[in-house]
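The values are calculated or read from the model by the stated rules, or taken from the named source; none is laboratory data. Quick caveat, the model's predicted, so the values are computed rather than measured. Note that we place each Cβ from the backbone using ideal geometry, even for glycine, and neighbour counts take in every protein chain shown.
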Amino acid sequence: MYETSGRGLIPAFGAEGASLRLQSAQHLYCVSASVRRTNCCRLIYSASVLVMKEIVFTKAVNLSKAIIPYRHRMFIRKILGMAALSDDDFVGCTNREIFSRTYEKKLWGWSGTRKYYSGHGSHEREVVTGYVNALEHFLVGLAGPKIIVDLGCGDFNVGSRLVHLASKYIACDIVDGLLKENRKLFKYDNLEFKELDLVNDEIPMSDVIIVRQVLQHLSNNDIHKFIDKIHHRCKYLIVTEHLPIRSDFLPNIDKPSGPGFRVSFESGVILTEPPFNLLVLNSQVLCEFKERDGIIRTFAYRLQ
Ligand SMILES: C[S@@+](CC[C@H](N)C(=O)[O-])C[C@H]1O[C@@H](n2cnc3c(N)ncnc32)[C@H](O)[C@@H]1O
């Protein structure tokens, strides 16, 4: 006769039965411990393989970026049939379509762990840490509680490090799926994710608007529409842009809205220069970091 237990069928009678039960239990214990050990080894092995793949891939990408100029890299992507990072491929699309496809096709790269990845400038440790420190210093210097609106918040690797500095943090982006992923990953009482098109939608009132590496992807027409709306919506506008290394570049050369940016043709967005001529009470550079293709510079503008 057998009785059932959580570990299987076990003989139920007498001393012999008890000894058999003990042996059986010991055997089952050993088997389950060994299964646990094997599973644990498998897990550690898979995690190590993933980490190794990530390291090798990142190193290969970084090396290719260091030795192959941007234009040539894009050309190579195109002839290899990889989705091209050319803005021309998106002509006629809405900004929502453009940036959803940019993420879907991983045109800004990928991390291995997340579906949405906002690119190197959002993850390079030195750039992100330096930016967060500079913003912390700036925001702590402003009196009172601060409502911060982050326009084009992306995968929120950067924004998530600023939430504690705000009384309320409204993180906005145009890509719905990205926001859904962000909502699952980042939960704070003072944080709200909002689907918003900074070109066409109304921008919430705040003390500080942050626009980090977003305008560089937009056409001059879209940037104009944004600028026309922000007056009296905030006191400070903090803008981060990818700019050419040489300081005598011609700013604000137009381009279609898309995943590319102006550095590839030696230009970059400076809002206080023509044709935008943003009127400010004062401006300061909060931080800047050299990137292989250029400089990532952050301006703080006190708006009129
Ligand atoms: C390169 S990512 C930068 C993300 C983030 N600000 C950072 O620095 O890590 C640019 C982001 O801007 C968003 N974006 C582009 N056009 C937008 C628009 N019109 N309104 C709101 N977000 C926009 C994109 O979806 C993308 O997430």
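Condition first: over 24 Å from residue 131 (Cα atoms) and out of contact with any Pro (no Cβ under 8 Å at 6 or more places or on another chain). Can you find one or more residues in segment 262-272 that meet it?
yes
Output the residue which, of all residues in segment 103-132 that are of a type in the set (Val, Ile, Thr) and modelled with pLDDT of 95 or more, is surrounded by the most Cβ atoms within 10 Å (Cβ to Cβ).
Here the residue is 127.
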So the check is Cβ under 8 Å with 6+ separation or different chains; which pairs have a first residue in segment 237-257 that's farther than 30 Å from residue 146 by Cα and outside the structural domain of residue 138 (by TED's automatic domain parsing) and a second one that's within 14 Å of the ligand (Cβ to nearest atom) and aromatic (Phe, Trp, Tyr)? none
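Against the condition within 12 Å of the ligand (Cβ to nearest atom) and basic (Lys, Arg), how does residue 225 come out, does it pass?
yes
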Being surrounded by 19 or more Cβ atoms within 10 Å (Cβ to Cβ), of a type in the set (A, V, I, L, M) and either over 30 Å from residue 144 (Cβ atoms) or modelled with pLDDT of 95 or more (or both) is the requirement here; does residue 271 meet it? yes
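Just checking, which of 114, 96 is within 19 Å of residue 172 (Cα to Cα), touching a residue at least 12 places away in the same chain (Cβ under 8 Å) and assigned to a helix (DSSP H, G or I)?
Result: 96 is the single residue among 114, 96 that is within 19 Å of residue 172 (Cα to Cα), touching a residue at least 12 places away in the same chain (Cβ under 8 Å) and assigned to a helix (DSSP H, G or I).
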Just to verify a result, which residue in segment 148-166, among those that are within 16 Å of residue 211 (Cα to Cα) and away from the ligand (no atom under 12 Å from the Cβ), is surrounded by the fewest Cβ atoms within 10 Å (Cβ to Cβ)? 163
Residue hits (segment 155-206; closer than 23 Å to residue 138 by Cα and touching a Gly at 6+ places or on another chain (Cβ under 8 Å)) are 169, 171, 172
For residues that are assigned to a loop (DSSP other than H, G, I, E, B) and either modelled with pLDDT under 95 or farther than 21 Å from residue 229 by Cβ (or both), scanning just segment 168-201, find the one that is nearest to the chain's Cα centre (by Cα). 186
Please indicate, with yes or no, whether at least one residue in segment 237-250 is surrounded by fewer than 16 Cβ atoms within 10 Å (Cβ to Cβ), in a loop (DSSP other than H, G, I, E, B), more than 15 Å from the ligand (Cβ to nearest atom) and small (Gly, Ala, Ser). yes
Conditions first: (1) at pLDDT below 95; (2) within 15 Å of residue 299 (Cα to Cα). Residue 236 passes all but one, so which condition is the exception? (1)
Is there a residue being over 18 Å from residue 162 (Cα atoms), under 22 Å from the mean Cα position of the chain (by Cα), assigned to a helix (DSSP H, G or I) and within 15 Å of the ligand (Cβ to nearest atom) anywhere in segment 202-216? yes
Search result, residues across segment 167-176 that are surrounded by 14 or more Cβ atoms within 10 Å (Cβ to Cβ) and within 15 Å of the ligand (Cβ to nearest atom): 169, 170, 171, 172, 173, 174, 175
Are any of the residues in segment 123-143 near the ligand (Cβ under 10 Å from one of its atoms), in a strand (DSSP E or B), aliphatic (A, V, I, L, M) and within 15 Å of residue 240 (Cβ to Cβ)? no
Name the single residue that is farthest from residue 255 (Cα to Cα) among those in segment 177-201 being surrounded by 15 or more Cβ atoms within 10 Å (Cβ to Cβ) and near the ligand (Cβ under 9 Å from one of its atoms). 178
Just give me the residues in segment 224-267 being acidic (Asp, Glu) and closer than 19 Å to residue 213 by Cβ, in sequence order. 241, 254, 266
